[in-house]
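The values are calculated or read from the model by the stated rules, or taken from the named source; none is laboratory data. Note that this is a predicted model, so its numbers are computed, not measured. Quick reminder, even Gly has a Cβ in these numbers, built from the backbone with ideal geometry, and neighbours come from all protein chains shown. We work out accessible area using only protein heavy atoms, side chains counted, and drop any ligands, DNA or RNA first. Shrake-Rupley method; radii C 1.70, N 1.55, O 1.52, S 1.80 Å.
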Amino acid sequence: MLWKKFSYSKRITSFITQGQIRQALFTFHQFQRAGFKITEFLLSAIVRGCGRLGSIEEGKQVHCIVFKHGFDRDMILMTSLLDMYCKCIDIKEARRVYDEMPQRDVVVNNSMIFGLCRCHLTLDAMTLFDNMPERDVGSWNSLISGLAQNSEGRNALFLFKKMRVEGAEVDVMTMSGVLSVCADLAALVNGKQVYGLVIKYGFELYLPVGNAIIDMYAKCGCLEDACQFFMNMPIKNVVSWTSLIVGYGKHGLGLEALEAFDNMEREGIVPNKITFLGTLYACSHAGLVQKGWMNFNTMVHKYSITPMMEHYTCMVDLLARAGHLMEAYNFVEGMPIKPEAKLLTALFSSCCSHMNVELAKTVGQRLIELEPEEAGAYMLLSNFYGIIGDLEGVANVRKLMSKRGIRKTKACTWIEVDSKVHSFESGDGSHPLNKEIYNYLKNLVKKMKNSGYVPNTSMVMQNVDDNTKEEMVLSHSEKLAITLGLISTPPGTRIMIVKNLRVCADCHLFTALVSKIEGREIVARDSSRFHHFNNGSCSCGDHW
């Protein structure tokens, strides 16, 4: 009987390791029916498996068994249940388990912090953190990563500073997490400071940290530094290569991304689905249609990777951007899965850019039927109807936005000057140098107009006069941030800005002209890619 019990236990743990939770539960029920004694260890293993796969219903079944057999006083098992509910983002059940636990150690509190940050309750997480009688490095790491995941990067950096002031221990996870925050914020000065600490603590040879450094440099616009660090890494894994490939793609260097992919294969590193997302994205933003097709087919046929929605979206974007609109549309029609709103938004955007009105109407209608949650899709639709003079269409889209509770995301651009981050919204008048910014901007626009610049007000949908439309366009957030950079840094200094949304056509042209008139290199990172402006032209070739 003992060998049979061992056989059941081995099969259950094997199924969990392979991610086959339902099969593990079925075998567990057989284990029960056979009359074997249930152990806390076995239940804890199943619960952890449920958490890894997000199998909430199966996890709840195990929770019932825990209570039935009186294991609810076992700290290890209850901690596993708490962690499972947190990973499955069921914060209500997580709170219930947490409140019913007879005692709460630092591991329990760390799990709860992680869970609170996942439903987006960062204030509750910070309160719990502040009230913890004991903290370890995991406590700091949980809150730092949680804040970062909730777009509270600045608070995450402040917490890291506090961590160092208090003399708390740091580890590899701390460093890779903080470097990722710096990457997302394009906070180069902070990133370099953290890199210095990495060297001080001797963490530079750890792969997660090294990969985070590549990503940080690439996202901060310093691709050469990212490449140099990559070349000096003694050991590289698939994440290292993927970080480099994605970096090339974001900077519009499609051929370099594909060359890195070829080198990766020659080194015997097997690419994963994220690697192919990077290569397809790189092909899309460099207009490499044939190479994109080859890469997609390599993924499917050579590596037997089933395409995700994101892969299909990249392919549609690649074809549509290059003007192959009907090929893109037919590709969508032949997909084995239904297209999501983001995919149709990419196709619709290119239909508008290439002024294929009939196809745009068809795709636009399908997009509306999908009820997208992102405001960007509705704004594209509204702008399209405005361009073709369909005011009824504009009104209908606006009504849909109101009915569905969709709000336009505020455009925001930030720039780092002398280690301080300055953020701007469109029409912003709150900056201490507000008067100087607008005066300089006014004179700059005057120079541009003398050279033939005409502000593009086509995207302004408000019912206002032409002068007001022009004022609105000329006070876009990226124009204000660039102007601050011009008046706050010595002539010839490179300017780097980051925008949370895609840069508009007028700001793109404006920035190119500024780079020529002022003799500055300007690097702009928007939600789509990097733009390197120099002497009146952009690295994207006006293809973004």
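Just for helices (runs of 4 or more DSSP H) wholly inside the stretch 171-243: which have at least 3 residues that are over 29 Å from D136 (Cα atoms) and either touching a Gly at 6+ places or on another chain (Cβ under 7 Å) or aliphatic (A, V, I, L, M) (or both)?
Once the helices (runs of 4 or more DSSP H) in the stretch 171-243 are filtered for at least 3 residues that are over 29 Å from D136 (Cα atoms) and either touching a Gly at 6+ places or on another chain (Cβ under 7 Å) or aliphatic (A, V, I, L, M) (or both), what remains is 223-232.
Are any of the residues in the stretch 426-433 more than 16 Å from C507 (Cα to Cα), of a type in the set (S, T, Y), open to solvent by 90 Å² or more (accessible area, probe 1.4 Å) and modelled with pLDDT of 90 or more?
yes
Is it the case that V464 is open to solvent by 20 Å² or more (accessible area, probe 1.4 Å) and either in a loop (DSSP other than H, G, I, E, B) or at negative phi (or both)?
yes
Inspect the stretch 283-290 for any residue being part of a helix (DSSP H, G or I), in contact (Cβ under 8 Å) with a residue 12 or more places away in the chain and surrounded by fewer than 22 Cβ atoms within 10 Å (Cβ to Cβ) and give the result as yes or no.
yes
Which of the residues that make up the stretch 14-58 are of a type in the set (G, A, S) and either under 32 Å from the mean Cα position of the chain (by Cα) or surrounded by fewer than 20 Cβ atoms within 10 Å (Cβ to Cβ) (or both)?
Within the stretch 14-58, S14, G19, A34, G35, A45, G49, G51, G54, S55 qualify.
Here's the yes/no breakdown for (1) in a helix (DSSP H, G or I); (2) touching a strand residue (DSSP E or B) at 6+ places or on another chain (Cβ under 6 Å); (3) modelled with pLDDT of 95 or more:
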{"residue": "P307", "(1), (2), (3)": "no, no, yes"}
{"residue": "M315", "(1), (2), (3)": "yes, no, yes"}
{"residue": "E327", "(1), (2), (3)": "yes, no, yes"}
{"residue": "A360", "(1), (2), (3)": "yes, no, no"}
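So, in the stretch 123-148, exactly how many residues are buried (at least 17 other Cβ atoms within 10 Å of the Cβ), of a type outside the set (A, V, I, L, M) and part of a helix (DSSP H, G or I)?
Within the stretch 123-148, residues that are buried (at least 17 other Cβ atoms within 10 Å of the Cβ), of a type outside the set (A, V, I, L, M) and part of a helix (DSSP H, G or I) number 9.
Sort out which residues of the stretch 59-103 are within 34 Å of the chain's Cα centre (by Cα) and of a type in the set (D, E, K, R), and write them in order of number.
Answer for the stretch 59-103, where residues must be within 34 Å of the chain's Cα centre (by Cα) and of a type in the set (D, E, K, R): K60, D83, K87, D90, K92, E93, R95, R96, D99.
The rows are residues; the columns are (1) within 28 Å of V523 (Cα to Cα); (2) aromatic (F, W, Y); (3) in contact (Cβ under 8 Å) with a residue 40 or more places away in the chain; (4) buried (at least 24 other Cβ atoms within 10 Å of the Cβ).
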position	(1), (2), (3), (4)
G196	yes, no, no, no
G202	no, no, no, no
M216	yes, no, no, yes
F230	yes, yes, no, no
G254	yes, no, no, no
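What's the total number of residues in the stretch 396-416 that are surrounded by fewer than 17 Cβ atoms within 10 Å (Cβ to Cβ) and touching a Gly at 6+ places or on another chain (Cβ under 9 Å)?
Adding up the residues that qualify gives 2.
Scan (1) within 27 Å of G386 (Cβ to Cβ); (2) of a type in the set (A, V, I, L, M, F, W, C); (3) at pLDDT 95 or above; (4) open to solvent by 20 Å² or more (accessible area, probe 1.4 Å) for the single condition V270 breaks and write down its number.
Tallying (1) within 27 Å of G386 (Cβ to Cβ); (2) of a type in the set (A, V, I, L, M, F, W, C); (3) at pLDDT 95 or above; (4) open to solvent by 20 Å² or more (accessible area, probe 1.4 Å), V270 fails exactly one: (1).
Conditions first: (1) open to solvent by 40 Å² or more (accessible area, probe 1.4 Å); (2) under 19 Å from E310 (Cβ atoms); (3) at pLDDT below 90; (4) not β-branched (V, I, T). A377 passes all but one, so which condition is the exception?
Here A377 clears every test but (1).
Being within 19 Å of C412 (Cβ to Cβ), among the β-branched types (V, I, T), at pLDDT 90 or above and in contact with a Ser or Thr (Cβ under 6 Å, 6 or more places away or on another chain) narrows it down to one of I482, I497, so name that one.
The unique qualifying residue is I497.
Report whether or not K250 is under 23 Å from L179 (Cβ atoms) and touching a residue at least 60 places away in the same chain (Cβ under 8 Å).
Yes: the conditions hold for K250.
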